[in-house]
Amino acid sequence: MGPEVMPLLENRNDIDLVLWQQDCACDRKWFLENVQGATAIIVMFGDKVDSELFEAAGPQLRVVSTMSVGYDHIDVKEISKRKIKLGYTPDVLSDAVADICIMLALMAGRNARESMAVVNEGKWPNYSWAPFLFCGRQLSSTATSQRTVGFIGFGRIAHATLARLIPFGYTHCLYLANPSSAPATARDAALAAQHHLQSVQRVDADTLAATSDVVFVLAPGGAATEHLVGARFLRRMKPTAVLVNASRGTLVDSDALATALRERWIWGAGLDVVTGEPNIAADHPLVKEPRCVVVPHIGSATIETRIDMATLAVNNALAAIAGEAMPASVEF
């Protein structure tokens, strides 16, 4: 977990530390063998935490601490049934992921992948200047236009992304929230006032799709949100609009998005996550689409953020071992 964070564990003389020392995903067989007798487990989002792991660990296990904000890799029902605490790392990655959201929106809108390929493949000398050569769509507003941003999921990362869009001249914000959540009229009015927006409004999926100039997918993964962005949603989007997904790949139907890009239902897409990752090869339908920018799940990949995430994951585990309140825990 890095030289800045590991001393928090290594300098303790009251715990035994069992460490997977390779800088890659933990081998499942090794994990099951070495988790026996553990009081606390610190995992990454690629580690499956289920009943098999709990049985291997034993009844003394007190806490699972994940170095991630998402916890769909953890069997929440099982961990709750066993009364094991669950720590996670929210907040500390919001700014880094919001930065990636803006980067992907700009790259997808301005045809970055297509135009970079011209240079990288040595084809630039074959092009002569023309008035609309390499032209894409503008993220910012012009003197005669307004801009509407749509968010699927309106939590911390969405709020941080919205703040970054204000200098681009955005005038309206729409969002889709969990149907079971209560209206947040006062908060929305306060956000609109804070950012000098004409409106911040909760809407249905059809309205968000049809009205937004850029849509950011930032909702949790899981069965309830699987393929929330499918063919129906994509067909309702503007042909000039851009889709960005920086949450979980399962929220977007990859086949429908590939069709939408190929048939120009939308302008472009920027993806930090894809269903089936990391098994995304060069022949994947989305990778083959020139107006689809795909990066390998790097939303939180800054040195500063990963140090903060690792520190919080360790402190969550140590607090639970000591019987203290965890800095960031999932409440069941």
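For residue 328, the residues whose amide H sits under 5 Å from its own are 88, ignoring neighbours fewer than 5 places away on the same chain, with H placed 1.01 Å from N.
Here the Karplus relation 6.51 cos²θ - 1.76 cosθ + 1.60, evaluated at θ = phi - 60°, turns the backbone of the range 279-293 into coupling constants of 7, 10, 8, 5, 8, 5, x, 6, 5, 6, 7, x, 9, 10, 9 Hz, with x for every Gly and Pro.
Here the convex hull built on the C-alpha positions of the range 161-301 has a volume of 118 cubic angstrom per residue. Backbone geometry of the range 266-278 corresponds, through the Karplus equation with coefficients 6.51, -1.76 and 1.60 at θ = phi - 60°, to 3J(HN,Hα) couplings of 10, 6, x, 9, x, 10, 9, 9, 9, 4, x, 4, x Hz, x marking Gly and Pro. Among the listed options (i) 59, 45, 35; (ii) 69, 52, 34; (iii) 81, 41, 35, the one matching Cα extents along the principal axes in Å as calculated from these coordinates is (ii).
Viscosity 1.002 mPa s, temperature 20 °C: give me the Stokes-Einstein translational D for the range 75-150 in µm²/s, with Rh taken as the Kirkwood radius over C-alpha pairs. Could you put the intermediate results ahead of the total?
Values: Rh = 17.0 Å.
It comes out at roughly 126 µm²/s.
Which one of 271, 3, 310 has its Cα pushed farthest toward the positive end of the charge dipole of the chain, where Lys and Arg give +1 and Asp and Glu give -1 at the Cβ? Value computed over the given set: 271. Ranking of 80, 128 by neighbouring Cβ atoms within 10 Å, starting from the fewest: 128, 80. Ranking of 305, 240 by neighbouring Cβ atoms within 10 Å, starting from the fewest: 240, 305.
In the chain, the longest principal axis of the Cα atoms and the axis of helix 185-195 are about 60 degrees apart. The label-point distance for residue 146 and residue 116, in a model that sets each label 7 Å from Cα toward Cβ, rounds to 3.4 nm. Relative to the 2.2 N^0.38 Å rule of thumb, the range 6-53 has a C-alpha radius of gyration ratio of 1.20.
What do the square roots of 5 times the Cα gyration tensor eigenvalues come to for the range 115-171, in whole Å, largest first, as semi-axes of the equivalent ellipsoid? Working shown, then result.
Details: eigenvalues 218, 55, 12 Å².
Values for the range 115-171, descending: 33, 17, 8 Å.
Remark: the range 3-143 projects, on average over all directions, an area of 14.5 nm² (convex hull of Cα atoms).
What do you get for Rg/Rh of the range 108-223 when both radii come from the Cα atoms and Rh is the Kirkwood radius?
The Rg/Rh ratio comes out at 1.10.
Viscosity 1.306 mPa s, temperature 10 °C: Stokes-Einstein D of the range 223-332 from its Kirkwood Cα radius, in µm² per second?
Working: Rh = 16.1 Å.
Calculated translational D: 99 µm²/s.
For the range 104-113, backbone phi angles converted through the Karplus equation (6.51, -1.76, 1.60; θ = phi - 60°) give residue-by-residue couplings of 5, 4, 5, 5, 5, x, 9, 6, 4, 5 Hz, Gly and Pro being listed as x.
For the chain, the longest principal axis of the Cα atoms and the long axis of helix 156-165 meet at an angle of about 30 degrees. Considering only alpha-carbon pairs that sit under 8 angstrom and 6 or more positions apart, the relative contact order computed for the range 111-248 is 24 percent. The relative contact order of the chain, computed from alpha carbon pairs under 8 Å that lie at least 6 residues apart in sequence, is 20 percent. Our note on the geometry: Cα centres of the range 38-72 and the range 85-119, 28 Å apart.
When each of 309, 44 is scored by the number of other beta-carbon atoms lying within 10 Å, the sequence from fewest to most is 44, 309.
Values in this text are rule-based calculations from the coordinates and carry no lab data. If you're wondering where the values come from, they're calculated on a predicted model, not measured in any experiment. We place every Cβ from the backbone using ideal geometry, glycine too, and count neighbours over all the protein chains shown.
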